[in-house]
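Scroll down for the structure; my scribbles are underneath it.
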Amino acid sequence: MGRLIRVATSTRHGLTPVLATHNSSHVQLRPFSPTAREVSSQFVGSNSEPRRTPKALTPGRSPRMNAPLPSQDDKRGPMNHFLTNVDDLTNWARQGSLWPLAFGLACCGIEMMHVSMPRYDQDRLGIIFRASPRQSDVMIVAGTVTNKMGPALRLLYDQMPDPKWVISMGSCANGGGYYHYSYSVVRGVDRIIPVDVYLPGCPPTAEALAYAIMRLKRKIAGTKTTRMWYRK
């Protein structure tokens, strides 16, 4: 018996594999019948479209959803138009009559008092200092907050009606300031209550505090107070 040798012969459509029986005396050629796997692979690769394997999802990630964010809601429609106007009216009324709670703890409190003097006249902006947290909607923390003052600060903040905002005035209120490494000083009032506006300086000037109040008014103007029922 001889050896089987696979050779290829040229045809009109390309190369056709055949089997050749090799003997010492002669070579006999006979047609080669490919297997089903070779036929399918040749068919897919030549005459049909390439195979498309489904893309596996990345582990830990879900398919992307095109749901809009609450801030990207469509403003069209009578109901959304009405709610938008209500938001504008409510925010205009709130930013036009801010009643801060004076919480002066150090030298920043002197600059906070300076804003209420005739040179700046905060009354023309609708700002009136209140002595009770139940009548205030803005807390101005001006000065160093110690560990013993922290619980009292949180108690006064909880007594304020909603909505309420906080202005952190000065480096000591922002992060401890000069007394950052002291054993008895809170390193930032935001560890006790949420802060809306940070005012740097040691101490910041009265003009800086007036600018911080204007920034807070701009933030209030962009607040969305009403939502559709399916967003709540």
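The values are calculated or read from the model by the stated rules, or taken from the named source; none is laboratory data. From a predicted model like this one, the values you see are computed outputs, not experimental measurements. Neighbour counts run over all protein chains shown; Cβ positions are idealised from the backbone, glycine included.
Mind listing whichever residues of the stretch 166-189 are within 23 Å of Met113 (Cα to Cα) and in contact with a helix residue (DSSP H, G or I) (Cβ under 6 Å, 6 or more places away or on another chain)?
Ile167, Ser168, Met169, Gly170, Ser171, Ala173, Gly177, Gly188, Val189
Taking Met112 as the residue in question, decide whether it is assigned to a helix (DSSP H, G or I) and buried (at least 21 other Cβ atoms within 10 Å of the Cβ).
Spelling it out, Met112 is indeed assigned to a helix (DSSP H, G or I) and buried (at least 21 other Cβ atoms within 10 Å of the Cβ).
Any residue in the stretch 202-216 that's touching a residue at least 60 places away in the same chain (Cβ under 8 Å): show its pairings with residues that are charged (D, E, K, R) at Cβ separation under 7 Å, as long as the two are six or more apart or on different chains.
Between residues of the stretch 202-216 that are touching a residue at least 60 places away in the same chain (Cβ under 8 Å) and residues that are charged (D, E, K, R), the close pairs are Pro203/Glu111; Pro204/Glu111; Thr205/Glu111; Ala206/Glu111; Leu209/Glu111; Leu216/Asp196.
Inspect the stretch 173-196 for any residue being closer than 20 Å to Leu216 by Cα, in contact (Cβ under 8 Å) with a residue 60 or more places away in the chain and among the hydrophobic types (A, V, I, L, M, F, W, C) and give the result as yes or no.
yes
Among all residue pairs at least 6 apart or on different chains, which show Cβ distances below 8 Å where the first residue, located in the stretch 154-172, is in contact (Cβ under 8 Å) with a residue 12 or more places away in the chain and farther than 12 Å from Gly188 by Cβ and the second is part of a helix (DSSP H, G or I) and acidic (Asp, Glu)?
Met169/Glu111
Do we find that Leu98 is modelled with pLDDT under 85, surrounded by 19 or more Cβ atoms within 10 Å (Cβ to Cβ) and more than 32 Å from the chain's Cα centre (by Cα) in this structure?
So Leu98 does not fit the description; no.
Restricting attention to strands (runs of 3 or more DSSP E) lying wholly within the stretch 122-232, give those where 3 or more residues are aliphatic (A, V, I, L, M) and buried (at least 18 other Cβ atoms within 10 Å of the Cβ).
138-142, 165-169
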